[in-house]
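So the structure is just underneath, and the comments pick up after that.
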């Protein structure tokens, strides 16, 4: 395999004073072509799930909407899922509404919104393989989408502007609510009478409305509702169409006269809850499920009494009841993904195989076992924290005991193998289970999931600084001022921890409180703001030398964090992202302008000018291949730099990569919106043509 060779370079030296001009050495090297095989998502499974839809002819064929533009598909009733399509290249579309055409199941409609200011309707006519955006609703924030049961050609969409209708299977659309109306807008929910497509109920962010003539006229149906209730869900009993259930921010309501009068159902939910979804059991109309922001509720007597079926920390966005087996119930939830029940909601288990919607913000490869991976996530509360895999990502177990729902932004490992986490609220050390816990009674080792349950995180957040105080003392009859070091009052670290390096005798942490160091394995920490800054986002330790970066500067300590001074930087660098010591003491910097390195603690910097991307977010060292790994969340490419030959290889991952790590000769990455990725052998990028840089 041919390798690119080093072009010419220029070198300028400077002192440490920041007032002196700083220049860079330019290194030219050309890329290899991306290597095969393709990267694969190994999750951990789960994340946010928003909406269900089923193939009318095959209830086991399901679709699932998410909060990040992805549509999932299941062919086994929700037991497993696969990513079917990203309806738009843009991230962040919430897929709250999915309709499978009752007359042609290969046609799928998906309504989406983003930040309540953007969105649209996407249509597929080939089972979800290709998609087009409907021109008539382009840019509209769609929160509701329904198909008329009595006429499959008719669809209704609820947007921030009002109610829209299509009479030709979504080809064209017209607004049927009064344009510019001060009341019928911000439509959150819709329901169509199953016997008459002209009868439509519309729930808005401020009470419900109804039309009986296809939108020619509208009537407020608020009698019995608390004023200004946001209406999240409306369902009509298909056998008794005058029976209507409605959920609002003020509770659940029922009407038995087609919406003329509603009565509030007592018992659930309280006004503090939000009922996002109502679903009637297709086999027993007296059974209604209510998905709320504080769990799933169920009534078996038409709403006279409700009972909570899940823990209160489950946020339910949608409910699916299998029409062939009403004991089979699925929930689409925030953070927990899909929950499945086979006993009509009495018990639930996660059913997320194939769902990769976790926001992974930290990634650690165990140094003694590259098959053991740790992933830290954010936004998932009790469903998140840290996940551990002992088989290279094939399966994952949650290790969250002791984190109490905290977000995890950093993971690091001590020289004896202990795992340390930096969270949005302090630093925690993972205490391994005892031998008895792992294998009770001297039996065979417990399964990985049981071992994970035995693990627990312990806080290490005591900041115990010393301060210098001046005291007046007598010396030989003369009063003199004497400076003495005394202990300051201890405080608890309660801020975000963005980065950790605990690989040596001195531990270092970048926190909201500033730069902290520990010489007693985290029992106590010392430090605070450095050079007037507390917002450091990266830190690296090499013996007693520590370097830390924030967006506008880099600082250096050669005495284990006792004293600090600013590091000289190339003048063209405007934003620092990541700082790293490689084992030989070389300093690596990832910045908005690319990758730099210094072999003399910042006196001289060299720049990989021809690296194909800038905006570098992560720089790490792969001990197996002795190369520096580079990634950018603005790119799906990752690079491996050989410091000795000044050459580099690259791979196309197919996903924006925010973190890149080496795992025993294999590459592992994290995407903020796609979970953990496993790549090819990092030592064998494959055949490629060589190019030569020039200037």
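Readers should treat all values here as calculations from the given coordinates under stated rules, not as data from a laboratory. It should be emphasised that the depicted structure is a prediction, and the values quoted were computed from it without experimental measurement. So basically every Cβ, Gly included, is an ideal-geometry build from the backbone, and we count neighbours across all protein chains shown.
The table for this structure:
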read-out	value
Cα-projected label distance for residue 130 with residue 424, points at 7 Å along beta-carbon direction, nm	4.2
Estimated FRET transfer efficiency (residue 300, residue 369; beta-carbon r; R0 60 Å; 0.05)	0.75
Proportion of all alpha-carbon pairs of the chain beyond 42 Å (%)	39
Cβ-based exposure ranking for 52, 613, in which fewest neighbours within 10 Å come first	613, 52
Order of 387, 306 under a 10 Å beta carbon neighbour criterion, fewest first	306, 387
Using a Förster distance of 60 Å, the FRET efficiency for residue 91-residue 473 (Cβ separation, nearest 0.05)	0.40
Inter-label distance for residue 531 and residue 260, nm, one decimal - labels placed 7 Å from Cα along Cα-to-Cβ	7.6
Length-normalised contact order for segment 497-540 - Cα pairs under 8 Å, 6+ apart - percent	39
Order of 486, 630 - criterion: other Cβ atoms within 10 Å of each residue's Cβ, fewest first	486, 630
The chain: antiparallel DSSP beta bridges as a percent of all, rounded to 5	95
Relative contact order computed over the chain (Cα-Cα under 8 Å; 6+ residues apart), in percent	13
Two-decimal Rg/Rh across segment 528-591, once Rg and the Kirkwood Rh are taken from alpha-carbon atoms	0.93
For segment 201-282: span of alpha carbons on each principal axis (Å, largest first)	36, 30, 18
Volume per residue that the Cα convex hull of segment 43-92 spans, once the total is divided by residue count, Å³	76
Where labels lie 7 Å past Cα in the beta-carbon direction, separation of residue 327 and residue 76 in nm	2.0
Full-stretch length increase - residue 521, residue 644 - with 0.36 nm per residue and alpha-carbon distance subtracted	40.9 nm
Segment 512-646: projected area of the alpha-carbon convex hull, averaged over directions, in nm²	8.6
Kirkwood Rh and Cα Rg combined as Rg over Rh, evaluated for segment 69-216	0.96
Kirkwood hydrodynamic radius of segment 111-195, from inverse mean 1/r over distinct Cα pairs, in Å	13.1
Residues residue 454 and residue 219, FRET efficiency given R0 of 51 Å [Cβ-Cβ distance, rounded to 0.05]	0.25
Paired Rg and Dmax values of segment 378-421, which use every Cα atom, in angstrom	11.1, 30
Cα gyration tensor shape of segment 303-412, rounded if a/c is under 1.5, else prolate or oblate by comparing a/b with b/c	prolate
Calculated [θ] (222 nm, deg cm²/dmol) that DSSP helices of n ≥ 4 give over the chain, each run adding -39,500 (n - 2.57)	-500 deg cm²/dmol
Whole-number percent relative contact order across segment 316-405, with pairs defined as alpha carbons under 8 Å at least 6 apart	16
Extension gain, residue 172 back to residue 559 (0.36 nm per residue minus Cα-Cα distance, nm)	132.3 nm
